[in-house]
């Protein structure tokens, strides 16, 4: 048996993407954007509404995208529910440490995996496409020079139950191999 539901924003898994920008005065901002994905080989797509972050993007053209983790779940939630237009000290309030990377956008020390991006386009509906220009990875999440999902402890957003879920990193099959049995 299967059950039908009306159309809703149910999509699994949804990465909890943290978007970092500087405002025109050089102050760091961070927001939680659950609707992000890879767009092309070296590009990402983030769907946002009008926010302080989108104003900042228009101003300077660079942003970072970090992946929220088990360790940063409450900080990530907070910066998503509190606007930088309303709470000027939201970064400081939740104890995050902004750092200067290789572009004109902050990365935050507490997030072990961050993409640095150059704004390629943003339309009137705030569909943002960014080109990956650098990736910052904390050595603590590497095993044999590669990102170890178990060490990263990335989380996803469950839009049906409004929960954050841990992505365990448990291997269930080898990509581009297990399907070969059907050839």
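All of the numbers you see were taken from the coordinates with simple rules; none came from a lab. If you're wondering where the values come from, they're calculated on a predicted model, not measured in any experiment. Using ideal geometry, Cβ is built from the backbone for each residue, glycine included, and neighbour counts are taken over all protein chains shown.
What the table below lists for this structure:
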item: Distance between modelled label sites at residue 70 and residue 3, nm, 7 Å Cα→Cβ extension; result: 3.0 nm
item: Proxy reagent accessibility, fewest Cβ within 10 Å first, across 160, 82, 44; result: 160, 82, 44
item: Length-normalised contact order of region 14-182 in % [C-alpha pairs under 8 Å, at least 6 apart]; result: 23 percent
item: Sorted by Cβ density within 10 Å, fewest first, the residues 90, 118, 146, 100; result: 146, 100, 118, 90
item: In range of the label at residue 102: residues from region 111-136 whose backbone nitrogen is under 14 Å from the point 7 Å along Cα→Cβ; result: 114-118, 131-136
item: Region 14-182 shape via C-alpha gyration tensor axes, a/c threshold 1.5; result: prolate
item: Fewest-first ranking of 31, 1, using other Cβ atoms within 10 Å as the exposure measure; result: 1, 31
item: Sites residue 92 and residue 140 - FRET efficiency at Förster radius 35 Å, r taken between beta-carbons, to 0.05; result: 0.90
item: Computed lengthening from residue 12 to residue 109, 0.36 nm per intervening residue step minus Cα-Cα distance; result: 32.2 nm
